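Peer 1: Dropping the structure in here first, questions after.
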Amino acid sequence: MSTDSRYLWQHKDLLGTSQLSVADVYHLLDLARSFQEINRRPVRKVPTLQGRTIILFFVENSTRTKTSFDVAGKRLSADTHALSQAGSSLNKGESLLDTGLTLQAMNPDVIVVRHSSSGAAAFLANQLSCGVVNAGDGWHAHPTQALLDCYSLRTAWDGAFEGKKLLILGDIAHSRVARSNVQLLHRLGVDVRLCAPRTLLPAGVEKWPVTVYGDLTNAVEGVDAVMCLRLQLERQQAGLLPDLSEYSRRFCLNPQHLEHASAAVKVLHPGPLNRGLEISDVVADSPASLILDQVSAGVAVRMAVLYLLATRK
Ligand code: CP
């Protein structure tokens with residue numbers, strides 16, 4: 001690897017972006033870039049984590065995060081094992097802690113956890129001696145998603161974050177992706193805007209380092225990237241959105257909105273997409289879309305995370 005092998009990575013766990021210094025973030029992104037080179041080879045496997053064990057403990061549904069952690073571990077030659085709520089003893093009433101202690105007794109190097117409760121990964125990290133990665137906890141944080149978004153934007157923006165304008169659009173109240181991205185990208189110098197109906201803005205948003213808009217055409221003016229968010233209907237209380245067609249009329253990103261953005265605007269979405277609700281088909285499938293680049297970056301970033309946690313001295 002071409003990155004600085006003397007860099008002192010001090011974290012047993014990855015629970016949120018706020019624990020990372022800016023130097024940690026750049027080290028991790030540089031490492032991910034070197035792993036992305038492996039991902040483009042005809043034989044996409046190196047022995048770096050041979051003999052290491054990674055457990056994927058997903059108590060909430062996932063396609064991208066779970067699969068990309070699995071692929072990431074296998075590309076580094078680690079042994080990966082998946083456990084979901086369905087088919088596990090959680091369904092017989094075993095507690096989260098007892099499940100975590102049981103998994104730890106198998107001596108893994110890293111446990112990757114997704115859970116619907118905010119703080120679940122931190123709770124386990126405090127009890128377990130192995131590394132714990134937060135793969136999304138409730139509305140709280142999704143650090144590897146923010147890091148892969150950062151990786152995708154760094155590539156699209158030729159390495160420059162300072163002064164770039166990013167609009168995060170949609171269901172911000174329920175979004176761990178928005179929280180992690182605002183936290184991380186603001187510290188890298190990005191000017192972050194939010195646009196959502198008032199009922200989908202989080203309590204206390206006035207203390208966030210962002211500018212809030214209610215009108216999408218105003219919000220998108222001059223931006224270098226738009227990150228659309230999924231409308232998380234499964235997490236919403238009744239009454240937050242009386243009318244989905246009204247929501248899509250006001251907040252679904254379409255090509256006309258992008259005419260107000262920078263000429264080189266990029267569009268991101270963490271997935272899964274509600275096409276026609278928060279993002280139009282034309283935008284999702286346009287050359288401006290980084291959606292599949294984000295998925296690809298996810299493998300490289302998660303290789304870097306697993307490497308750093310599993311080999312920490
Ligand atoms: N972005 C994201 O977390 O997607 P999955 O829920 O499919 O993992």
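The values are calculated or read from the model by the stated rules, or taken from the named source; none is laboratory data. Just so it is clear, the model here is predicted, and its values are computed rather than measured. So basically every Cβ, Gly included, is an ideal-geometry build from the backbone, and we count neighbours across all protein chains shown. The area values use the complete protein model at the heavy-atom level, side chains included, leaving out ligands, DNA and RNA. Shrake-Rupley method; radii C 1.70, N 1.55, O 1.52, S 1.80 Å.
Peer 1: Is it the case that region 195-214 has a residue that's under 18 Å from V25 (Cβ atoms), more than 16 Å from the ligand (Cβ to nearest atom) and more than 16 Å from the chain's Cα centre (by Cα)?
Peer 2: First pass over region 195-214, keeping only residues under 18 Å from V25 (Cβ atoms): 209.
Subsequent filtering for residues that are more than 16 Å from the ligand (Cβ to nearest atom) retains 209.
Checking the rest, the ones that are also more than 16 Å from the chain's Cα centre (by Cα) come to 209.
Taking every residue of region 195-214 in turn, at least one turns out to be under 18 Å from V25 (Cβ atoms), more than 16 Å from the ligand (Cβ to nearest atom) and more than 16 Å from the chain's Cα centre (by Cα).
Peer 1: Please specify each residue of region 153-172 satisfying the condition of being open to solvent by 10 Å² or more (accessible area, probe 1.4 Å) and of a type outside the set (D, E, K, R). Write out each step before concluding.
Peer 2: Going through region 153-172, the residues open to solvent by 10 Å² or more (accessible area, probe 1.4 Å) turn out to be 154-160, 162-165.
Selection gives T155, A156, W157, G159, A160, G163.
Peer 1: Within region 65-78, identify whether any single residue is without any contact (Cβ under 8 Å) to a residue 24 or more places away in the chain and either more than 23 Å from the chain's Cα centre (by Cα) or more than 18 Å from C130 (Cα to Cα) (or both), and answer yes or no. Break it down stepwise before answering.
Peer 2: So in region 65-78, the residues without any contact (Cβ under 8 Å) to a residue 24 or more places away in the chain come out as 67, 70.
With the extra rule that they be either more than 23 Å from the chain's Cα centre (by Cα) or more than 18 Å from C130 (Cα to Cα) (or both), the set shrinks to 67.
Yes, the conditions are met somewhere in region 65-78.
Peer 1: Now, a different point. Could you say whether any residue in region 282-298 is closer than 14 Å to T63 by Cα and without any contact (Cβ under 8 Å) to a residue 24 or more places away in the chain?
Peer 2: Within region 282-298, one or more residues are closer than 14 Å to T63 by Cα and without any contact (Cβ under 8 Å) to a residue 24 or more places away in the chain.
Peer 1: Is it the case that region 34-50 has a residue that's more than 16 Å from the ligand (Cβ to nearest atom), hydrophobic (A, V, I, L, M, F, W, C) and open to solvent by 30 Å² or more (accessible area, probe 1.4 Å)?
Peer 2: Kept after step one, since they are more than 16 Å from the ligand (Cβ to nearest atom), are these residues of region 34-50: 34-50.
Next, only the ones that are hydrophobic (A, V, I, L, M, F, W, C) stay: 35, 38, 43, 46, 49.
Narrowing the set further to residues that are open to solvent by 30 Å² or more (accessible area, probe 1.4 Å) leaves 43.
Yes, that holds for at least one residue.
Peer 1: Of the residues G163, G131, G159, only one is more than 16 Å from the chain's Cα centre (by Cα) and under 17 Å from H11 (Cβ atoms); which? Spell out the reasoning first.
Peer 2: On the way: G163 fails: under 17 Å from H11 (Cβ atoms); G159 fails: under 17 Å from H11 (Cβ atoms).
When all the criteria are applied, what remains is G131.
Peer 1: Among the helices (runs of 4 or more DSSP H) contained in region 219-313, which hold 3 or more residues that are more than 30 Å from G73 (Cα to Cα)? Talk me through it step by step, then tell me what you get.
Peer 2: On the way: elements: 244-251, 255-258, 281-284, 291-310.
Because the criterion is at least 3 residues that are more than 30 Å from G73 (Cα to Cα), the helices (runs of 4 or more DSSP H) in region 219-313 that meet it are 244-251, 255-258, 281-284.
Peer 1: Sticking with this structure for a sec: Out of everything in region 278-297 that is out of contact with any strand residue (DSSP E or B) (no Cβ under 8 Å at 6 or more places or on another chain) and within 16 Å of the ligand (Cβ to nearest atom), what residue ends up being most open to solvent (accessible area, probe 1.4 Å)?
Peer 2: Restricting attention to region 278-297, the residues satisfying the condition of being out of contact with any strand residue (DSSP E or B) (no Cβ under 8 Å at 6 or more places or on another chain) are 282, 285, 287, 292-293, 295-297.
Now narrow it down to the ones that are within 16 Å of the ligand (Cβ to nearest atom): 292-293, 295-297.
On the way: L292: 138, D293: 85, V295: 63, S296: 53, A297: 2 Å².
My answer is L292.
Peer 1: Do we find that T3 is surrounded by 15 or more Cβ atoms within 10 Å (Cβ to Cβ) and at pLDDT below 95 in this structure? Walk me through it before giving the result.
Peer 2: Numbers: surrounded by 15 or more Cβ atoms within 10 Å (Cβ to Cβ): yes; at pLDDT below 95: yes.
Yes: the conditions hold for T3.
Peer 1: Test of understanding: among R230, R275, R250, which residue is within 16 Å of the ligand (Cβ to nearest atom) and either open to solvent by 70 Å² or more (accessible area, probe 1.4 Å) or among the hydroxyl-bearing types (S, T, Y) (or both)? Write out each step before concluding.
Peer 2: On the way: R230 fails: either open to solvent by 70 Å² or more (accessible area, probe 1.4 Å) or among the hydroxyl-bearing types (S, T, Y) (or both); R250 fails: within 16 Å of the ligand (Cβ to nearest atom).
Matching residue, one of R230, R275, R250: R275.
Peer 1: Given (1) away from the ligand (no atom under 16 Å from the Cβ); (2) open to solvent by less than 10 Å² (accessible area, probe 1.4 Å); (3) under 17 Å from R312 (Cα atoms), identify the lone condition not met by W9.
Peer 2: (2)
Peer 1: Determine if region 103-111 includes at least one residue that is in contact with an Asp or Glu (Cβ under 6 Å, 6 or more places away or on another chain), within 26 Å of S175 (Cβ to Cβ) and not acidic (D, E).
Peer 2: Narrowing region 103-111 to residues in contact with an Asp or Glu (Cβ under 6 Å, 6 or more places away or on another chain): none.
No, region 103-111 contains no residue that is in contact with an Asp or Glu (Cβ under 6 Å, 6 or more places away or on another chain), within 26 Å of S175 (Cβ to Cβ) and not acidic (D, E).
Peer 1: For region 99-120, indicate whether the set of residues that are touching a helix residue (DSSP H, G or I) at 6+ places or on another chain (Cβ under 7 Å) and of a type in the set (S, T, Y) is non-empty.
Peer 2: Yes, some residue in region 99-120 is touching a helix residue (DSSP H, G or I) at 6+ places or on another chain (Cβ under 7 Å) and of a type in the set (S, T, Y).
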